[in-house]
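Inspection log for the structure reproduced underneath, given as C-alpha cells.
The values are calculated or read from the model by the stated rules, or taken from the named source; none is laboratory data. Owing to the predicted nature of the structure, the values given are computational and were not obtained by experimental measurement. Here the Cβ positions follow ideal geometry from the backbone for every residue, glycine too, while neighbour counts run over all protein chains shown.
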C-alpha cells in the first residue's frame, strides 16, 4: 500500500499556517444545526453545477460532492472516498480501493463503476473539463476500469506520478454511473455532506444536510446557502451587517476594516494563486520574445506586493509554480528595470514603445488592481497600457474564445503541475489562447512527469519553470494569499492554499 506521507515542506507549511489567523479561534462550544450563510465570487449566468465542467463553481463542488482524495491545508494528500492506493514502479498503473459505507444522495451505494463513469466523463473532450488537459496526456477513458465493486484501476499511457493529488481536483468529484457520458446534467447527485436543493448560476446555491453522510457525526449544519457576489466590498459589508457568516476570496484592502474587530476571524494563507497578464504570441508585438521580456521587466513587483496587496502576497516569477509547491524550482523574481525594457523594445523594432489594451474584470480579487498597477509601472518603459474592464460574467469563456490579445487571467492554485496544463497545453485539441506552443515545453513537461526519482523530477521541473519564465506568454507578478473571513460564530474553518478545497463538512455554528 502506498499511503501518502508528509513532504519536505509540510513542517514549514504547518508552522507557517498556524500563525496566519489574525485572532485566536473562539472558545465557544459549537452546536448542532443551523444554516450557514456564505458568500463567494460570482460565476457566469450559465455556469454548470456539474463538477466536470465547473469553472468558478469549483468551490461549490466541495459542498455536495466528494473525491477519491483530498489535499489538506498542509499540502498533504489524504484519503477521502478511497481508503488507500498503490502503484507500480514507473507510475503507469494505480489501484485505488474504495470505502464500502458510502451512498449517494439518492440512496445508491458507491461502487467502482461510479468512479469509472466520473473519470470517463472528464476524459470526454466534448464536456470541456479543465481537468481534461492534465489527465488526458497520461490517461485515456478506456484506461479507467473497475477491478471489483470497490476497486478501480488506472492504466496510464504515460507516467502519472501525482495521480493521488490530481484525484483531489473538483472536476473529478464523483458522480453516479447513471450520469451521461456526453452531456451535462442540471442537478447532479453526489455523496457529499450536503444535498443540492437549488442552484441559480451566478446567484446562489442552497443545500441541506446529508443525513447519511459517511463521516460519522457530520455535517453539523442543517443547511448551507452560498451566495455568489462578484464585488468584494459587498461581501465584506454582508459579513459586517450579519447577512453572511463566512465570506471567501477576499483581498488585502477589503479585510482592513475587519482587523481588530473581535466579532470576526481572518484567515490568510500563502498560496500559489496567481494573477497572470497573458498575451497572444502569434500577433505583433507579442510574437517577439524580446517584447515579452520587456513586459516582464516593466512590472514593479516589490511595490505591488507592498502597496496593492499590503503584504498578503509574494512576488511572482512569471511561471505558475509558487514557493508553497513541492515542485517549485527556486526561480528568481525579475527586477524592475525600465531602462532594460526600453532597450529590448528598441531591439525588437519598437524604439518609441508600444501600445496595448489590457482586459480585466472583477472575476477574482486583485484582478483589476494588477492591471491598473501595471499601467502605472510600465509607462516609464514606453509601454502604454489602456485598461479595458469588462463584466465578470462569462469572462473565462471569452478568454477561450480568443476575444482579446492581452488579458488578466487569474488562476487558483492547483495540485502540483496542473496549472501548466490549464494555461499552456492544448485545450481539448485546441491550442491555448496565448497561442504559445513551443515543442520544448511539452517535451520538458513530459520528461519531468516521467521521472521516478524525486530529485531528478524536481530538477526537471525547475528547468521547465525557468524556460517558461524566460520565454513564456505570461507576466505573473504575484502569488496571492487565500484570504477568507468569518464570524466567530463559525467553528471549524481552516483556510487552504488550494482555494477551492474547503472542508464545509467540518463547520458548525455557535
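Looking at the range 429-459, which of its residues are on the phi > 0 side of the Ramachandran plot and either loosely packed, with under 15 Cβ neighbours inside 10 Å or outside any loop (DSSP other than H, G, I, E, B) (or both)? Break it down into steps so the answer makes sense when it comes.
Our first condition is that a residue be on the phi > 0 side of the Ramachandran plot; within the range 429-459, this holds for 429, 435.
Result: 429, single match.
Filtering the range 260-281 down to residues that are over 25 Å from residue 419 (Cβ atoms) and at pLDDT 95 or above, which residue is nearest to the chain's Cα centre (by Cα)?
Step one: list which residues in the range 260-281 are over 25 Å from residue 419 (Cβ atoms), which gives 260-266.
Next, from what is left, pick out any that are at pLDDT 95 or above: 261-266.
Working: 261: 30, 262: 30, 263: 29, 264: 25, 265: 23, 266: 20 Å.
So, considering only residues that are over 25 Å from residue 419 (Cβ atoms) and at pLDDT 95 or above, the one nearest to the chain's Cα centre (by Cα) is 266.
What residue, among those in the range 450-468 that are touching a helix residue (DSSP H, G or I) at 6+ places or on another chain (Cβ under 8 Å) and touching a residue at least 40 places away in the same chain (Cβ under 8 Å), is farthest from residue 327 (Cα to Cα)?
The initial filter retains those residues of the range 450-468 that are touching a helix residue (DSSP H, G or I) at 6+ places or on another chain (Cβ under 8 Å), namely 451, 457, 460-461, 463-464, 467-468.
Cutting the leftovers down to touching a residue at least 40 places away in the same chain (Cβ under 8 Å) gives us 451, 457, 461, 463-464, 468.
Numbers: 451: 12, 457: 8, 461: 6, 463: 11, 464: 11, 468: 14 Å.
That would be 468.
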Fill in the blank from the handout: Those residues of the range 395-428 which are in contact with a helix residue (DSSP H, G or I) (Cβ under 6 Å, 6 or more places away or on another chain) and in a loop (DSSP other than H, G, I, E, B) amount to 415, 416, 425, 428
Exercise for the section: Check the range 191-207 and report whether any residue there is outside any strand (DSSP E or B) and touching a helix residue (DSSP H, G or I) at 6+ places or on another chain (Cβ under 7 Å). Expected result: yes
Practice task
Please indicate, with yes or no, whether at least one residue in the range 190-207 is within 23 Å of residue 69 (Cα to Cα), touching a residue at least 60 places away in the same chain (Cβ under 8 Å) and surrounded by fewer than 20 Cβ atoms within 10 Å (Cβ to Cβ).
Solution key: no
Practice task
Could you tell me whether any residue of the range 359-377 is part of a loop (DSSP other than H, G, I, E, B) and out of contact with any helix residue (DSSP H, G or I) (no Cβ under 7 Å at 6 or more places or on another chain)?
Solution key: yes
Exercise for the section: Please determine, by comparing only the residues of the range 125-137 that are outside any helix (DSSP H, G or I) and farther than 10 Å from residue 53 by Cβ, which one is modelled with the lowest pLDDT. Expected result: 137
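Evaluate the following for residue 239: is it over 21 Å from residue 393 (Cα atoms) and over 22 Å from the mean Cα position of the chain (by Cα)? Even if it seems obvious, please write down each step before you answer.
Working: over 21 Å from residue 393 (Cα atoms): yes; over 22 Å from the mean Cα position of the chain (by Cα): yes.
Answer is yes for this residue.
Only residues that are in a loop (DSSP other than H, G, I, E, B) and either touching a strand residue (DSSP E or B) at 6+ places or on another chain (Cβ under 8 Å) or under 30 Å from residue 488 (Cβ atoms) (or both): list them for the range 257-309, please.
If we filter the range 257-309 for residues that are in a loop (DSSP other than H, G, I, E, B), which is where we start, we get 258-263, 280-288, 298-300, 309.
Selection gives 258, 259, 260, 261, 262, 263, 280, 285, 286, 298, 299, 309.
When you scan the range 95-103, do you find a residue that is over 24 Å from residue 216 (Cβ atoms) and in contact with a helix residue (DSSP H, G or I) (Cβ under 8 Å, 6 or more places away or on another chain), even just one?
Within the range 95-103, the first condition is being over 24 Å from residue 216 (Cβ atoms), and the residues that meet it are 95.
Next, from what is left, pick out any that are in contact with a helix residue (DSSP H, G or I) (Cβ under 8 Å, 6 or more places away or on another chain): none.
No - not one qualifying residue is present in the range 95-103.
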Handout entry: In the range 141-177, the residues that are surrounded by fewer than 19 Cβ atoms within 10 Å (Cβ to Cβ), more than 20 Å from residue 102 (Cβ to Cβ) and touching a strand residue (DSSP E or B) at 6+ places or on another chain (Cβ under 6 Å)
Key = 155
Exercise for the section: Identify the residue in the range 70-96 that is within 20 Å of residue 451 (Cβ to Cβ) and not in a strand (DSSP E or B) and, among all such residues, is modelled with the lowest pLDDT. Expected result: 75
Exercise for the section: Out of the residues in the range 234-250 that are in contact with a helix residue (DSSP H, G or I) (Cβ under 6 Å, 6 or more places away or on another chain) and outside any loop (DSSP other than H, G, I, E, B), state the one that is surrounded by the fewest Cβ atoms within 10 Å (Cβ to Cβ). Expected result: 236
Problem - Any hit, the range 168-184, residues being modelled with pLDDT of 95 or more, on the phi < 0 side of the Ramachandran plot, part of a strand (DSSP E or B) and in contact with a helix residue (DSSP H, G or I) (Cβ under 8 Å, 6 or more places away or on another chain) - result: no
Handout entry: Test: residue 62 is in contact with a strand residue (DSSP E or B) (Cβ under 8 Å, 6 or more places away or on another chain) and either buried (at least 20 other Cβ atoms within 10 Å of the Cβ) or in a loop (DSSP other than H, G, I, E, B) (or both)
Key = no
Fill in the blank from the handout: Checked the range 19-53 for anything under 22 Å from residue 135 (Cβ atoms), crowded, with 21+ Cβ neighbours inside 10 Å and at pLDDT 80 or above; matches are 49, 50, 51, 52
Practice task
Scan the range 108-124 and give yes if some residue there is surrounded by fewer than 20 Cβ atoms within 10 Å (Cβ to Cβ), within 29 Å of residue 33 (Cβ to Cβ) and modelled with pLDDT of 95 or more, otherwise no.
Solution key: yes
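From the list 377, 395, 479, pick out the single residue that is surrounded by 23 or more Cβ atoms within 10 Å (Cβ to Cβ) and either in contact with a strand residue (DSSP E or B) (Cβ under 6 Å, 6 or more places away or on another chain) or at pLDDT 90 or above (or both).
479
Any residue in the range 491-501 that is touching a residue at least 60 places away in the same chain (Cβ under 8 Å), touching a strand residue (DSSP E or B) at 6+ places or on another chain (Cβ under 7 Å), in a strand (DSSP E or B) and closer than 20 Å to residue 292 by Cβ?
No, because not a single residue in the range 491-501 is touching a residue at least 60 places away in the same chain (Cβ under 8 Å), touching a strand residue (DSSP E or B) at 6+ places or on another chain (Cβ under 7 Å), in a strand (DSSP E or B) and closer than 20 Å to residue 292 by Cβ.
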